[in-house]
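One structure is given here, and the rest of the page talks about it.
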Amino acid sequence: MATLQDITGTIALAGAGKMGGAMLTGWLAGGLDAKRVVVIEPMPSVEINALAARGVRLNPKDAGPIETLVVAVKPQSFREAGAALKTHVAPSTLVVSIMAGTPIKVLQEVCGGAAVRAMPNTPAAIGRAISVACANPRVSPEQKRLAEALLTAIGESVWADDEGLMDAVTAVSGSGPAYVFLLIETLAAAGEKAGLSPELALRLARDTVAGSGELARQSSEGPGKLRENVTSPGGTTRAALDVLMAKDGLEPLLTRAVLAAAKRSRELSG
């Protein structure tokens, strides 16, 4: 498998918002030479501006030949931005998109190059992303390895053969961190209503979610079994689960949420 150190050409990052910035942070932490990175971002954050001191080229007038272009702009503005990006793309350029709802055929139409469509998520900022990617036939085995190196530098990655799965991937893992953060918010708010101070309620909610997620990650048992392990008949957990697992409880609510996100992802491809 290729590593970041195997990347010899210039990498251009178009769009350095939360997700693009998180990926860039992960790449530099993973040993990518900052001098190989060009950032194209009209409104760079303080954090992105600070990276210029480490050698990252920010909005240069001439980026030179680009081997890899990572597109992290908002999907709604891609066609407009793509006209400018296309000037940096040669037929041999690897184009990696992390935009929701943007099919490979649109990447090809707007940018050209050899396209990979990927969906990471915001835990990339701490090296704990989970990314799913798919490639068009023009992507060579070596380019696929380089794309994987960029994704594994920020966490774990999986390849999908069917691009049609990417809307569901976006709905589950791309948008999923927001669902988890909402769980922490609402669990903490419920703790306050039960009598806890705001500070203690938030700490308990946040660390419980973090610890339980790590237990699920490391355990050989599935989440259903782990749930059962916590649940005693007639106990406090059972009383709570009777509410959460009711006919109108968490499962149908979360299913509707994921389907709504997948639908919106398909609409963005419009």
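Residues in the range 157-195 that are more than 25 Å from L254 (Cβ to Cβ) and in the same structural domain as A262 (by TED's automatic domain parsing): G195 alone.
Here the condition is being over 19 Å from Y179 (Cα atoms), charged (D, E, K, R) and either in a helix (DSSP H, G or I) or touching a Phe, Trp or Tyr at 6+ places or on another chain (Cβ under 9 Å) (or both); of D207, D242, it holds for D242 alone. Restricting attention to the range 39-81, report how many residues are in a helix (DSSP H, G or I) and touching a residue at least 12 places away in the same chain (Cβ under 8 Å). Of the residues in that region, 9 qualify.
Are any of the residues in the range 174-196 within 30 Å of S92 (Cα to Cα), crowded, with 18+ Cβ neighbours inside 10 Å and polar (S, T, N, Q)? Checking the range 174-196: not a single residue is within 30 Å of S92 (Cα to Cα), crowded, with 18+ Cβ neighbours inside 10 Å and polar (S, T, N, Q). May I ask you to verify whether L32 is of a type in the set (A, V, I, L, M), within 21 Å of the chain's Cα centre (by Cα) and not in a loop (DSSP other than H, G, I, E, B)? In short, no.
When V70 is tested against (1) more than 30 Å from A178 (Cα to Cα); (2) buried (at least 22 other Cβ atoms within 10 Å of the Cβ); (3) of a type in the set (V, I, T), only condition (1) is not met. For the range 138-168, filtered to residues that are touching a strand residue (DSSP E or B) at 6+ places or on another chain (Cβ under 8 Å), acidic (D, E) and assigned to a helix (DSSP H, G or I), the residue that is nearest to K105 (Cα to Cα) is E163. Of all residues in the range 8-29 being among the β-branched types (V, I, T) and over 19 Å from the mean Cα position of the chain (by Cα), which is surrounded by the most Cβ atoms within 10 Å (Cβ to Cβ)? Applying the filter and picking the extreme gives T10. Just checking, which of I98, I154 is closer than 16 Å to L13 by Cβ, touching a Phe, Trp or Tyr at 6+ places or on another chain (Cβ under 9 Å) and either in the same structural domain as V38 (by TED's automatic domain parsing) or surrounded by 23 or more Cβ atoms within 10 Å (Cβ to Cβ) (or both)? Sole residue among the options that is closer than 16 Å to L13 by Cβ, touching a Phe, Trp or Tyr at 6+ places or on another chain (Cβ under 9 Å) and either in the same structural domain as V38 (by TED's automatic domain parsing) or surrounded by 23 or more Cβ atoms within 10 Å (Cβ to Cβ) (or both): I154. Apart from one condition, A16 fits all of (1) in contact with a Pro (Cβ under 7 Å, 6 or more places away or on another chain); (2) more than 23 Å from Q143 (Cβ to Cβ); (3) hydrophobic (A, V, I, L, M, F, W, C); the exception is (2).
The values are calculated or read from the model by the stated rules, or taken from the named source; none is laboratory data. Since the structure is predicted, the reported quantities are computational estimates derived from the model, not experimental observations. Note that each Cβ is placed from the backbone with ideal geometry, even for glycine, and that neighbours are counted across all protein chains shown.
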